[in-house]
There are 2 protein chains.
Amino acid sequence: MTLSAENGTQNYKMTKRFLNIAKTLKPKLIHSNVRKTFSNQVLKTSEPFVVDFYNHYTGYVSLDFDFVGSPVDAPILLKIKFCEHKDELKENSDDYHGWVSKSWIQEELIHIDNLPSTLKLKRRYAFRYISVELIASSSRYDVLLNGIELDSVSSVGNFDEIVGDTELEKRIDVVALRTLHECMQYEFEDGPKRDRRLWLGDLRLQALTNYHTYKNYDLVKRCLYLFAGTTDKNGRIAPCVFTSPKVIADDSFIFDYSLLFASTLKDYYENAHDEKTLQDLLPVATKQIMNARGYFVNDVLADKNELGWCFLDWNLSLNRQCGEHAVYIYAEKDLISLYKEIGLSTDELEIDLKNKIKAGFDAFFDKKLGVFVSGEAKQISFASNVWMILANDFSEEENRKIFENLDRLNPEPMVTPYMYHHYIEALIKSGLLDKARKKMNEYWGAMIDDDADTFYELFNPMNKEESPYGGKAVLSYCHAWSCTPSYLLRHYFLKK
Amino acid sequence: MTLSAENGTQNYKMTKRFLNIAKTLKPKLIHSNVRKTFSNQVLKTSEPFVVDFYNHYTGYVSLDFDFVGSPVDAPILLKIKFCEHKDELKENSDDYHGWVSKSWIQEELIHIDNLPSTLKLKRRYAFRYISVELIASSSRYDVLLNGIELDSVSSVGNFDEIVGDTELEKRIDVVALRTLHECMQYEFEDGPKRDRRLWLGDLRLQALTNYHTYKNYDLVKRCLYLFAGTTDKNGRIAPCVFTSPKVIADDSFIFDYSLLFASTLKDYYENAHDEKTLQDLLPVATKQIMNARGYFVNDVLADKNELGWCFLDWNLSLNRQCGEHAVYIYAEKDLISLYKEIGLSTDELEIDLKNKIKAGFDAFFDKKLGVFVSGEAKQISFASNVWMILANDFSEEENRKIFENLDRLNPEPMVTPYMYHHYIEALIKSGLLDKARKKMNEYWGAMIDDDADTFYELFNPMNKEESPYGGKAVLSYCHAWSCTPSYLLRHYFLKK
């Protein structure tokens, strides 16, 4: 999809202006350098030499090679692998046959014709470990690795005000802050290893955490304008936007992500108090709600339950009908509050909201079981109930009752920190602050126990081998949507 | 081995002056560009797309990639393979386990992060075919190869005066000239695929052919000074010299190659009439003869028959004692003729020569069989007899008798065009001009039948799968020492 090609003139002009605003907000990246030096480190074939940088970095790498022995009478063939997590060191990329492209595996085969030589790799990598393996060379000399120079990048510097009441909470905060730091580049990226781009679902949680920590309002603003500037001919916001080699929206659509543009805008306005941006983007947010209405029948969201069309979580068995209905309510409420902020009439929105709330409750609440169910099979899941609790204004007691019932019913589990975040928020909304905090410490703490330097895209404490992609080699171990403990701690748990 | 480190001051100064002369003679390479364009060429995984350039080229390559479909949501992983000969297209580099480094295989695995993109490969390749294979990408778009830009290099332009009395001879001349053209870079290289550097044995034959064709005397001069400027502390010339990243001689030694420096200098002087260079380099040539004497016992070369210490041919079973003894005589004669050119006394050299000729004949000529034999096992080979014929001044009839006897005795065969060249010269010296020409047409003609665009490093018509390296994937199909038909045709066969 290219910009403007299918857009009307009116739409195109608006788009252009939005993208120009986004462009002026493109940050200058902050570089910091780390140098590792080795003395006479001989590389041996089939014995990878692993360099540990003791933290997660995102950036560019140069390696200095030299030799001892006879002249270099044949090129050097090296395999250089970048790993965010120690588990990736064990992965053999030949064994990966999943549906997400193996081209995401951060592994290069490189020829060097002469030594000494500085190999300056052009691509950006995300890693804690670099594994350097000599695949082939002549037997007449030894290849030496003398040093590695890392030029790491982020749009923010380090944030040092660590919070937490326990050592574990402090460690969780450190790791969550690092996760966000690494994902804050020219845009908020979902993950610096994969997919390395701006996704709306991730942006909302990154922005929330950012308001309490790095406070880079301009980067959020830039991302909001990038989404608003690349809507399709129907005004729909794409779930993700590419910015290199040029700005282009993805030609896919994710129902819940597009709706949450309204919520992301509301959070931005509440924190940045930037009325100009609100004025610009409110019509775009409104358009998402209006477009979504087309998928409702008698105010109940139709069961278009395809992963790809809607998300909520990476649990592949999840029925998404009820949860998506709830996200609509959640987003429309945020839209209404923005309308009120600038004195626009909310009558039509409130009537619609009321209908959707009632119809949703009637359609999805199973009175016998006391929980929300979803789809023809009436599936019971955390996702449906968490989002219904977040979307509605039940009493704390009613919410707690839902959770109590849910715990007895073996619900479909949550597998992403993204879904876990909403679960924690729903517990808090149910007055279960201690339980919420305990759950946060358990879930994110289990990643700490797994030696996380940054939090993962996916973590199922019950099955650490889980991957929706058909293999773990492509997993992102530094993923934006998992950074929220730094928000949860500051916004809820440590509130004075 | 670094220059000067082990050299005395006197030697070092000389060395420095020689290398400065070599430096001033470094040629400016001639570039010529070829562009291939494709329309909507979709790359499919596991279906290599092979581009045929219809001739051998040495140079730098850029590839233009684009896409159709959804935005490029994952990097592209490509395997790009460069092949001089169609046989290489079938080779799987994973199957190569020979002792010459697999790093010579011209194959790259490359990630491209964004499309459209021009991939400018930094290394120089030698090839007729480029195979481009998509290893991995996302399924949401097709990868297109739009074009390949080739920037080919040589220190000489094309030589168009093709000779030969038959279509086959003309084709042999074209291919031999192309072989030499491709090997004439900043130095005379042995092969632009492998080893991509200056070897003394190859230089001698390249220079001979060059005098009758491209006539680039300066490039020969530069190479002579490079060898003379990088002798070791004993004044020994190395068999090969590296010039990148800096000028450095190999720390190995090949007996026959070092001796043939005298012959290479003689050929150069005869063709370029450059007395200054002769004056400079005659002491270096003399030193090789003097050093060689240390390996003789009672004027017979000791049987230090190790491949690596002496060469003659790539036949791994060959005993080299007799052939190497002959090379000494051959080189000493050339040295004597150079001494005479500038009026130096040759008395000592002539006495030594006479002794070596007599002792060699006595030691190696088997009177009963009527051929030269070599080593303790009295091995009968082409190499021993060819070199003895070239070194001595037997009558044409005596030479023919040796060849007749040899043909009956199932001698160790020749496997390189290098050895074949000397065989042809020995036939000519035996008055067998027609047979020599027939053999040339048969041997080099068989490579033409094998679809050669350039002549090979190695060719055994009896066993096309032969490789001294433990596998064919690393073979050089454009190798300098096989360019001599263009010399043989002009110097002997088509002489007016």
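The values are calculated or read from the model by the stated rules, or taken from the named source; none is laboratory data. Computed from a prediction, not measured in an experiment: that's the story for all the values here. Note: ideal-geometry Cβ built from the backbone for every residue, glycine included; neighbour counts use all protein chains shown. Surface accessibility is based on the protein's heavy atoms, side chains included, excluding ligands, DNA and RNA. Shrake-Rupley method; radii C 1.70, N 1.55, O 1.52, S 1.80 Å.
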- Message: As I understand it, the dipole of the stretch B:32-154 uses +1 on the Cβ of Lys and Arg and -1 on the Cβ of Asp and Glu, about the Cα centre. Which of B:Gly59, B:Ser154, B:Leu144 lies farthest toward its positive end?
- Response: B:Ser154
- Carbon and sulfur %, accessible surface of the protein assembly as shown computed with the full protein complex present, 1.4 Å: 48 percent
- Query: Between A:Ile342 and the same site in the other copies, what are the distances in nm, shortest first, taking label points 7 Å from Cα along the C-beta direction?
  - Reply: 9.2
- Query: Count the lysine pairs in the stretch B:78-206 that are 8 or more places apart or on different chains: how many have C-alpha atoms under 17 angstrom apart?
  - Reply: 13
- Query: Given +1 on the Cβ of Lys and Arg, -1 on the Cβ of Asp and Glu, and no further charges, what dipole in debye does the stretch B:167-493 carry about its Cα centre, rounded to the nearest 20?
  - Reply: 120 debye
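Per residue of B:95-106, what is the mean number of Cβ atoms on other protein chains within 10 angstrom of that residue's Cβ? Write out the running numbers ahead of the final one.
Details: counts 0, 1, 0, 0, 2, 5, 11, 6, 13, 6, 4, 2.
Taking all residues of B:95-106 together, the mean is 4.
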- Taking Rh as the Kirkwood radius computed over alpha-carbon pairs of the stretch A:297-345 and applying Stokes-Einstein at 25 °C with viscosity 0.890 mPa s, one gets a diffusion coefficient in µm² s⁻¹ of 198 µm²/s
- Query: Magnitude of the Cβ-charge dipole of the protein assembly as shown, K/R +1 and D/E -1, about the Cα centre, nearest 20 debye?
  - Reply: 1860 debye
- Helix A:200-212 versus the longest principal axis of chain A: what angle, 0 to 90°, nearest 10, using Cα atoms? 90 degrees
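Which number comes out as Rg/Rh for the stretch B:107-186 once both Rg and the Kirkwood Rh are worked out on C-alpha atoms? Please report the intermediate quantities before stating the final value.
Details: Rg = 18.7 Å, Rh = 16.4 Å.
Rounded to two decimals, Rg over Rh is 1.14.
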- State, in angstrom, two size descriptors of the stretch B:167-493 derived from its alpha carbons: Rg to one decimal place and Dmax to the nearest whole number. 18.6, 55
- Task: Starting from the Cα of B:Asp449, step 7 Å along the direction of its Cβ; do the same at B:Ser337; then give the gap between the two resulting points in nm.
- Result: 3.5 nm
- Measuring from centroid to centroid over Cα atoms, what is the spacing of the stretch B:262-331 and the stretch A:181-204 in Å? 67 Å
- Task: Would you compute the Debye intensity of the stretch B:353-402 from its alpha-carbon atoms alone, equal scatterers and no solvent, and pass along log10 I(q)/I(0) at q = 0.26 Å⁻¹ to two decimals?
- Result: -1.10
- Note on the structure: The A/B contact buries a total accessible area, at probe radius 1.4 Å and rounded to the nearest 100 Å², of 2800 Å²
- Query: So how long is each side of the stretch B:103-143 along the principal axes, counting just the alpha-carbon atoms, biggest first, in Å?
  - Reply: 34, 19, 17
- Note on the structure: Measuring from the longest principal axis of the C-alpha atoms of chain B, the long axis of helix B:347-364 (C-alpha) lies at a number of degrees, nearest 10, equal to 80 degrees
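Can you give the accessible area per residue of the protein assembly as shown, in Å², using a 1.4 Å probe? Working shown, then result.
Numbers: 38510 Å² over 992 residues.
About 39 Å² of surface per residue is accessible.
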- Query: Relative contact order for chain A using alpha-carbon pairs under 8 Å, separation at least 6, rounded to a whole percent?
  - Reply: 19 percent
- Message: Using a 7 Å offset from the Cα along the Cα-to-Cβ direction at both B:Lys276 and A:Ala377, what is the distance between the two label points in nm, to one decimal?
- Response: 9.0 nm
- Query: To the nearest 0.05, what FRET efficiency results for A:Asp160 and A:Tyr492 with a Förster distance of 30 Å applied to their C-beta separation?
  - Reply: 0.90
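The stretch B:374-496: Rg/Rh from Cα coordinates, Kirkwood Rh?
On the way: Rg = 15.0 Å, Rh = 15.4 Å.
Here Rg/Rh amounts to 0.98.
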- Query: At B:Asn158, with labels set 7 Å past Cα in the Cβ direction, how many nm apart are the copies from this one, shortest first?
  - Reply: 6.3
- Query: How big is D, in µm² s⁻¹, for the protein assembly as shown by Stokes-Einstein at 37 °C and 0.692 mPa s if Rh is the Kirkwood radius over C-alpha pairs?
  - Reply: 99 µm²/s
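What is the diffusion coefficient of the stretch A:159-199 in µm²/s, taking the Kirkwood radius over Cα pairs and the Stokes-Einstein relation at 20 °C with a viscosity of 1.002 mPa s?
195 µm²/s
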- Task: Please get the size of the charge dipole for the stretch B:32-154, origin at its Cα centre, with Cβ charges of +1 on Lys and Arg and -1 on Asp and Glu, quoted in debye to the nearest 20.
- Result: 260 debye
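I'd like the per residue volume of the convex hull spanned by the Cα atoms of the stretch B:233-323, given in cubic angstrom. List each step's numbers first, then the result.
Numbers: hull volume 12.3 nm³, N = 91.
It comes to 135 Å³ per residue, whole-number rounded.
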- Message: Cut-off under 16 Å on the C-alpha distance; same-chain residues fewer than 8 positions from A:Lys367 excluded. Which lysines are left, in chain and number order?
- Response: A:Lys358, A:Lys378, A:Lys401
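How about the stretch A:13-116: which chymotrypsin sites (Phe, Trp or Tyr not before Pro) there are in a DSSP loop, with at most 16 other Cβ atoms within 10 Å of their Cβ? Working shown, then result.
On the way: sites: A:Phe18, A:Phe38, A:Phe49, A:Phe53, A:Tyr54, A:Tyr57, A:Tyr60, A:Phe65, A:Phe67, A:Phe82, A:Tyr96, A:Trp99, A:Trp104; in loops: A:Tyr96, A:Trp99.
The qualifying sites are A:Trp99.
Using heavy-atom solvent-accessible surface (probe 1.4 Å) with all chains present, what is the largest-first order of B:Lys429, A:Lys266?
Values: B:Lys429 65, A:Lys266 40 Å².
Listed by decreasing accessible area, they come as B:Lys429, A:Lys266.
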- Message: Whole angstrom only: what separates the Cα centroid of the stretch A:213-260 from the Cα centroid of the stretch B:413-449?
- Response: 72 Å
- Which value at 222 nm does chain B reach when only helices count, each DSSP H run of 4 or more adding -39,500 (n - 2.57), with the total divided by all residues and rounded to the nearest 500 deg cm²/dmol? -12500 deg cm²/dmol
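Which value, to two decimals, describes the C-alpha radius of gyration of the stretch A:30-154 once divided by 2.2 N^0.38 Å? Before the final figure, lay out each step's value.
On the way: Rg = 14.7 Å, N = 125, 2.2 N^0.38 = 13.8 Å.
So the Cα radius of gyration is 1.06 times the expected 2.2 N^0.38 Å.
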- Quick note, the stretch A:178-269: a/c under 1.5 would make it rounded; otherwise a/b > b/c is prolate and the rest oblate (a ≥ b ≥ c, C-alpha gyration tensor); here it is oblate
- When the charge dipole of chain B is computed with +1 at the Cβ of Lys and Arg and -1 at the Cβ of Asp and Glu, the Cα pointing farthest to the positive end, of B:Phe296, B:Cys223, B:Ser317, is that of B:Cys223
